[in-house]
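What follows draws every value from the coordinates through simple rules; no lab data is involved. This is a predicted model, so every value here is computed, not measured. Heads up, the Cβs are rebuilt from the backbone with ideal geometry, glycines too, and the neighbour counts pull from every protein chain shown.
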Amino acid sequence: MYNWINAEDYTMDTLLYFDQWVLDYLLKDQAGFDGDYQELLGRALSRYPHVADYCRHMAPERKDYLEAALSRVPSDLSDQEARQAETRFLQYHETFVVYAWPEAMEQVNYIADWDRRWLDELIDLTGMVVLDVGAGTGRLAFAAARDALRVYASEPCYRLRDYMRMRIEKENLTKIKVLDGFVTDLPFEDNTFDAVLSGHVVGDDYDREIEEMSRVTKPGGWLVICNGDDEFKRTAPNAELLQRGFEAFRHTSPSGGIIYNYRLQRNT
Ligand SMILES: C[S@@+](CC[C@H](N)C(=O)[O-])C[C@H]1O[C@@H](n2cnc3c(N)ncnc32)[C@H](O)[C@@H]1O
């Protein structure tokens, strides 16, 4: 648990802001969960029939799991027990909860404590056409827009896309375009970008992710992994990335952490 949120401040209505891919993930057993996840889900949703309906509609493939969860709720479950289940569920999924509440996501230290110098150290984006994959609230995309010719921010959560678009309008920016897309299925032609940036996105399937990011990068262009700052004292750079040829850069975060960032130039 990171304690990015205090779950007491949230309700299961948060799920109404999730896209299908997030619900597909939440409405199934969780590897490593300490306890009976399906029971927790049922209890957490027990006071939210409209949220259960939304889940049925948005994630039909998880309907059986959801119905089984709801069928396990004891008829005498108290409001207090239901609320306890709700806060436990939301705290457990805090990394998703912030996707629904971008202003809260901006307060998390990996974004709030980050300094754009850590991007400048990795690459000079002057005049480049840049993609930020899994852009979130736009930490990298907005920083890149200072020097780049154009920046595309792809992000699979509609709440975060809306947030970036609102920021673009508010700040009257013309260089950033926001769109949907998964790191393993980017909606771009081959060899489109001078640089593809990402932060905290790569890691579930290195081969597919890096292959797809490389596909949309021009020969001679750059893949950059620029993580945000936090308090974790990492002892070594990521071996998977080093093995794939990435060069690692280390710095100390204002939050006290040791951060590694990476870059790789695509073969010309
Ligand atoms: C921890 S946040 C990082 C946000 C931003 N890159 C940053 O570093 O400030 C991870 C982001 O990746 C997005 N994401 C999750 N799975 C993804 C995938 N398969 N492809 C692309 N983006 C993904 C999430 O919606 C979220 O915005």
So what is the 222 nm mean residue ellipticity for the chain from helices alone, if each DSSP H run of at least 4 adds -39500 (n - 2.57) and you divide by all residues, rounding to the nearest 500 deg cm²/dmol?
-10500 deg cm²/dmol
For residue 267 and residue 64, extending 7 Å from Cα along the Cα-Cβ vector and measuring point to point gives, in nm, a value of 4.5 nm
Quick one: divide the alpha-carbon radius of gyration of the range 7-100 by 2.2 N^0.38 Å and tell me what you get.
0.97
Binned at 10 Å starting from 0, the alpha-carbon pair-distance distribution of the chain in whole percents comes out as 7, 27, 31, 22, 11, 2, 0
Charge sum, other residues only, whose C-beta stays under 12 Å from residue 91's C-beta, Lys/Arg counted +1 and Asp/Glu -1
-3
Kindly identify the range 1-55 as rounded, prolate or oblate by the Cα gyration tensor criterion: order the square roots of the eigenvalues as a ≥ b ≥ c, call it rounded if a/c is under 1.5, otherwise compare a/b with b/c, prolate if a/b is larger, else oblate.
rounded
J(HN,Hα) series, the range 252-264, from Karplus relation 6.51 cos²θ - 1.76 cosθ + 1.60, nearest Hz, glycine and proline x:
9, 7, x, 7, x, x, 10, 10, 10, 10, 9, 8, 8
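Kirkwood hydrodynamic radius, the range 130-268, all distinct C-alpha pairs: what's the number in Å?
Taking the inverse mean of 1/r over all distinct Cα pairs, the range 130-268 comes out at 15.4 Å.
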Pull up all non-local amide H partners of residue 152: gap of 5 or more, or a different chain, and H-to-H distance under 5 Å with H placed in the peptide plane.
130, 131, 132, 177
Quick one: Karplus J couplings for the range 190-201, per residue in order, coefficients 6.51, -1.76, 1.60, θ = phi - 60°, nearest Hz, x for Gly and Pro?
4, 6, 8, 10, 6, 8, 10, 9, 7, x, 6, 10
